[in-house]
Every structure is written in structure tokens, then in C-alpha cells.
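Student: Below is the structure I would like to discuss, written out as C-alpha cells.
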Amino acid sequence: MSPALFALAVAAFAIGTTAFVMIGLVPDVARDLTVTIPQAGLLVTGYALAATVGAPTVTALTGRLPRRGLVVGLMSLFTLGNLLGGAAPTYEVLLAGRIVTGVAHGVFFAVGAPIAMSLADRKRGARAVATMFAGLTLAMVIGVPFGTIVGQSLGWRAPLLAVAVLGCLTAALLRLLLPREIPHAPPAGLRSQFAVLAKPRLLALYFIAMTGFGGSFVVFTFLAPLLTEVTHVSPAAVSLAFMAFGAAAVVGNFGGGRLSDALGTRRSLMAALVGLVLALATLPFSAPHVLTMFANLLLWSACCFCLGPIVQSGVVAAAEEVAPDAVATASGESGHCAYGNADLHSRRFAVAPFAKRMAFQETLCAAFSSVGITLRRSTSSAV
């Protein structure tokens, strides 16, 4: 791993920890700031909306800035948002800090993927993206569980302040290790950049990100009650299951990068999506049994996180052909589709009495739809 890619992965780790750690701390925040659970839940949904809605505009507006200076500035903004949240005297200030951090999250991954690909030769581009995204998956294995424990022991402010310190160190690391000059195509106007949303090849990849990757998190939201109420495992085993899910995610992330470089976007997408459909289709039958449930969990996580680097590198490759002046904006949209769909849909189903059944059905249908889209695409290596 090159030092520059290592710096990007550390940044992704910090961002991933902040993005998901709040999910486990919602009750603590609600109790401390005297707000309702739904209001505290907006700290997660607001973050997702900031990454999904605000970040594309900021990405387009900052297209002419030098790449190294931009990512260092984004990590500084990320640090400021966490400091604001960690020191927030009121709920409103905390929400503002989360929105600031969410925008930094979205823009960072939008510009980070093209930077990662530029640091490697073209045949290893997807692998480079997977290396950066490894920080995000490692956050699920290490950062989020540890941050949740710290937050429950020392208060919900502690993990935000700890990540702020990490963000400050990461900004210095990025400035030190990234090349001074990182090539990128000069952007067109704002309207031209958002025209990527009308490109069929890119839309197909966005749909796969939204349904295949993002949809899986609808089911993931209900994994704990599924394990305790259907598989009948202990709370300690639930923690072990989450760690296993995260470990499989790391394997899937790196596997996706290698698969995409070896087979191309279309064939590697087919392999990952078929595995995801298989895992989700067998979930009702494997859930009542501990061994089969854990085996299913590993397959599900590996195939789900295999999609990330495949889609991201495919979007960058396709955008370089059909929208070369809007590569960063195109790259950002795939992540925004996945993250926004995952969080907003999980919130909607969380209040439904048939939550688990509906989440499973939607995700399975989404995965089948993604396979169908992929089958209908041309055999071009970019899609």
C-alpha cells in the first residue's frame, strides 16, 4: 500500500466511525439533551441527507480546487463538525455539527475515489479504490464497536471528540503524504456536471448502488432483533455476529477490487449480485439455526461490500468516457445513492410492525432488479 493510499484509508476510517457510531448512541443523546428518540434519530438521518443532498452541490462548486488542498480542507471541516458536535450545549448545535460532518463525508468520497485511482496504474484502479474503502469497512469492525463502548461508558460526546482528534491528525497526514499535484479534468459548469444524472450507463450503476448495497442495510438495521428473536442467540453472540459481519466486509471490499480489475465491471457485478441474492433468498431458512445463520451472514456481508469498489471504479471509468468534466460529481453520486437509501429506508421501516419482513422483501427485490439491470447492460468493460 502506498503512503498516499494509506492516508486516504485512515481518513475513510475516521469518517466511517463518525457516520455509524451515532446509531448506537441515540438513546444516550436523547436522554442527555432531553429530546425524543425520533428527534435524536434525526442526527443519523440529517447526516445522511447532508451527504446525499448537500455534497453533490459542494463537489461541483469545488471542482476547480487543487485536489490535495481540497481533501485536507474537507478533513479540517470534518474535524470542526465533530468538535462542534462533541461540545454542543443543545440539540440544535449538535444537529448542525452532524450536517457539517455529513457534507464533508459526501464530498470526501466523491473526490477520494478518483484520487485513489490516479495513484495506481489503470489495471489496478479498482484495487486502489478498495484500499481507500477498506478504512470505511474497518470502521465497522473496530471504530464503531469501540466508539459505542466509549460513548456508553464516558458519555456520547467522547467518541465525537476522539474522532475530531483523529481527523486533525489525518488532515496533517494527507497534507504530508498526498502528491502536491494530482491530475484531474477541469470541470464544466454546474449544470453540465449535474447532467451526469441523465447518462444511462451511470444511472444503471447508481441504481445498483442504491438497491444492491444501500438496500442491504435495510435488513442490516434489523439484524440484532433477527438474531435474538429468530436465531435465539445471546447478546454476546450478537456482538460477535456484528464483528463477523465487519470482518467479512473487509474481505469482500478487497475481493471486489481484485475481481473488478480481473474481470471488468459487468462480470464482477454479476458475481457479487448473484451471491447477494443467494444470501438474502436463503435468509428465512438459515435464520433459525446458528451455524447456517452465521455462514449466511458472512456470505451476505462479503457480497454486499464487494459491490462498493466495483461500482465506484466502474462509475469513474464510465464518467471518464461519457462525462470527463464531471468525474468527481459522478463518483460522489454512487456513494450518496447507497448511503442515503440505506439510512432513510431503514428509518421508515423501523416504525412498521412488519419491519423485518418488509425490509427483507424490498432488499431481495432490489437485488433481483440489480441483477436484471446488469444483465441488460452492454458488455463494455466500463459498465
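The values are calculated or read from the model by the stated rules, or taken from the named source; none is laboratory data. Please read these numbers as outputs of a predicted model, since none were measured by experiment. Don't worry about glycine lacking a Cβ; one is built from the backbone with ideal geometry, like all the others, and counts go over all protein chains shown. Areas reflect the complete protein model, heavy atoms only, side chains present, ligands, DNA and RNA absent. Shrake-Rupley method; radii C 1.70, N 1.55, O 1.52, S 1.80 Å.
Student: Go ahead and run the numbers for FRET between THR228 and ALA271, Cβ-Cβ distance against an R0 of 30 Å, rounding to 0.05.
Tutor: E between THR228 and ALA271, to the nearest 0.05, is 0.40.
Student: Here's a follow-up. Measure off, as a whole percent, the carbon and sulfur share of the 1.4 Å-probe accessible area of the stretch 1-143, all protein chains present.
Tutor: Carbon plus sulfur share of accessible area: 72 percent.
Student: Quick one: Cα centre-to-centre distance for the stretch 59-131 and the stretch 276-296, in angstrom?
Tutor: About 36 Å separates the Cα centre of the stretch 59-131 from the one of the stretch 276-296.
Student: Using a/c under 1.5 as the rounded threshold, could you call the stretch 1-126 rounded, prolate or oblate? The axes a ≥ b ≥ c are square roots of the C-alpha gyration tensor eigenvalues, and prolate needs a/b larger than b/c, oblate otherwise. Working shown, then result.
Tutor: On the way: a/c = 2.51, a/b = 2.10, b/c = 1.19.
Taking the square roots of the gyration eigenvalues as a ≥ b ≥ c, the stretch 1-126 is prolate.
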